[in-house]
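Have a look at the structure below, then the notes.
The values are calculated or read from the model by the stated rules, or taken from the named source; none is laboratory data. Quick caveat: nothing in here was measured; it's all calculated off a predicted structure. Every residue, glycine as well, gets a Cβ built from its backbone with ideal geometry; the counts of neighbours run over all protein chains shown. Please note that ligands, DNA and RNA were not included when accessible areas were found on the heavy atoms of the full protein model with its side chains. Shrake-Rupley method; radii C 1.70, N 1.55, O 1.52, S 1.80 Å.
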Amino acid sequence: MIYDGHTRTCGLIGNPVEHTMSPLIQNFMAQETGKNMVYVPFHVQQGSLEAAVKGAYALNLLGCNVTVPYKSDVMEYLVDTDPLAKRIGAVNTLVRVEGGYKGYNTDMPGLYRAMQHDGVDIAGKTVVILGAGGVARAVAVLLNDKGAKGVILFNRTVSKAQQIADEVNGYAGADFAKAYAMEDYAKVLTEDKYIVIQATSVGMHPKVDEVVIEDEAFYDKVEVGYDLIFNPPCTRFMQLVKEHGGRAYNGAKMLVYQGVIAFELWNDVNISREIAEECIRQMEEAMK
Ligand code: NAP
């Protein structure tokens, strides 16, 4: 790309940001679509978030992604927030509008686009979520938004799963989400097969031999297993799903698609499946 007086800047606000794959993905999409845009990381010190958002606007930045630890805190510095992001309680994308930035959550729509890419249909299904952290909570909100019949949350600390279930049931209806302790899966899962979303941090590099449910019988019930972890690219959870005849995917596609959706919001374009696939390939290559 040749940058000139018309080049628009986007960036990533976070702390730390040095490990990010987003510049790779975003600058590749700019190149492929011919958009005169450059994407750079911005390491924002604790206490400087408001100044960073105001400064970004003053410097005419087209938009920003927001990562840990600012996804919730950034919401108070925005002029508008998309309803799904409000329900999730986290914003990872800022889009420039009149007077400031509008906040979106593209992490969860990113997971949904990854599922569509993989031909996984959640409409009318009961989906199992392993974990009850920030990401599991957002997944439960997404699944309700996209027409799943229900979710069953399993977590080591059952009170955290119950808190998510209560919150989602507050607007989804009393029976949408159910919460159980991790070890209760054998008595709770009465259907033949499930889509299972692994949203705990168990199995992440470097503890790649760990898995949140060891019992092999559990994996007979997994038709499709999504591990939101992307390093390693094939987790122990994914191996077990495959060994028991299921399809298994990692979190790399979700990560790429959250960036794709952000790019589309900033540039008012549609990114093709081919470009998205090339982004996934480049990201996996860069992680090796
Ligand atoms: P979090 O809020 O810290 O939650 C961690 C979850 O893992 C909790 O449910 C926790 O259970 C469970 N857990 C941790 N250690 C455990 C253990 N030894 N045994 C059983 N359960 C354990 O994390 P998060 O922000 O939700 O992130 C979860 C995962 O999502 C991360 O690993 C990350 O890799 C992945 N992620 C992926 C993407 C992507 O784009 N693909 C984006 C963000 C995050 P307790 O409640 O009992 O502690």
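What to note about this one:
- For Tyr194, the stated conditions hold: it is among the hydroxyl-bearing types (Ser, Thr, Tyr), within 18 Å of Phe237 (Cβ to Cβ), away from the ligand (no atom under 11 Å from the Cβ) and at pLDDT 95 or above.
- Enumeration of residues in region 272-288 that are under 15 Å from Gln26 (Cα atoms), assigned to a loop (DSSP other than H, G, I, E, B) and open to solvent by 60 Å² or more (accessible area, probe 1.4 Å): none
- Val141 vs. criteria β-branched (Val, Ile, Thr) and open to solvent by less than 20 Å² (accessible area, probe 1.4 Å): yes
- Residues of region 13-27 that are crowded, with 19+ Cβ neighbours inside 10 Å and in a helix (DSSP H, G or I): Ser22, Ile25, Gln26.
- Region 213-228: number of residues that are under 22 Å from Leu255 (Cβ atoms) and open to solvent by 10 Å² or more (accessible area, probe 1.4 Å): 1
- Look at (1) within 16 Å of the chain's Cα centre (by Cα); (2) of a type outside the set (Asp, Glu); (3) closer than 22 Å to Glu223 by Cβ and you find that Gly147 fails only one, number (1).
A quick yes/no check of all residues on (1) modelled with pLDDT of 95 or more; (2) of a type outside the set (Asp, Glu); (3) closer than 15 Å to Glu50 by Cα:
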| position | (1), (2), (3) |
| --- | --- |
| Ala85 | yes, yes, no |
| Lys102 | yes, yes, yes |
| Pro109 | yes, yes, no |
| Tyr112 | yes, yes, no |
| Asp118 | yes, no, no |
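- Among residues of region 244-255 that are farther than 14 Å from Lys221 by Cβ and basic (Lys, Arg), those with a Cβ under 9 angstrom from a residue that is assigned to a loop (DSSP other than H, G, I, E, B) and within 8 Å of the ligand (Cβ to nearest atom), sequence gap 6+ or separate chain, pair up as Lys253/Phe230.
- Some residue of region 217-232 being away from the ligand (no atom under 12 Å from the Cβ) and within 20 Å of the chain's Cα centre (by Cα): yes
- Entry remark, region 28-42: residues being in contact with a strand residue (DSSP E or B) (Cβ under 8 Å, 6 or more places away or on another chain), part of a helix (DSSP H, G or I) and open to solvent by 30 Å² or more (accessible area, probe 1.4 Å) number 0 in total.
- Unmet criterion (only one of (1) more than 25 Å from Gly99 (Cα to Cα); (2) open to solvent by 20 Å² or more (accessible area, probe 1.4 Å)) for Thr7: (1)
- Test for Glu210: is it near the ligand (Cβ under 8 Å from one of its atoms) and surrounded by fewer than 20 Cβ atoms within 10 Å (Cβ to Cβ): yes
- Selection of region 152-181 for residues being more than 21 Å from the chain's Cα centre (by Cα), part of a strand (DSSP E or B) and within 13 Å of the ligand (Cβ to nearest atom) yields Ala179, Tyr180, Ala181.
- Condition met for Gln239 (more than 16 Å from the ligand (Cβ to nearest atom) and closer than 29 Å to His19 by Cα): yes
- Taken over region 43-60, the criterion of being surrounded by fewer than 20 Cβ atoms within 10 Å (Cβ to Cβ) and either under 24 Å from Ile2 (Cβ atoms) or in contact with a Ser or Thr (Cβ under 7 Å, 6 or more places away or on another chain) (or both) is satisfied by Leu59, Asn60.
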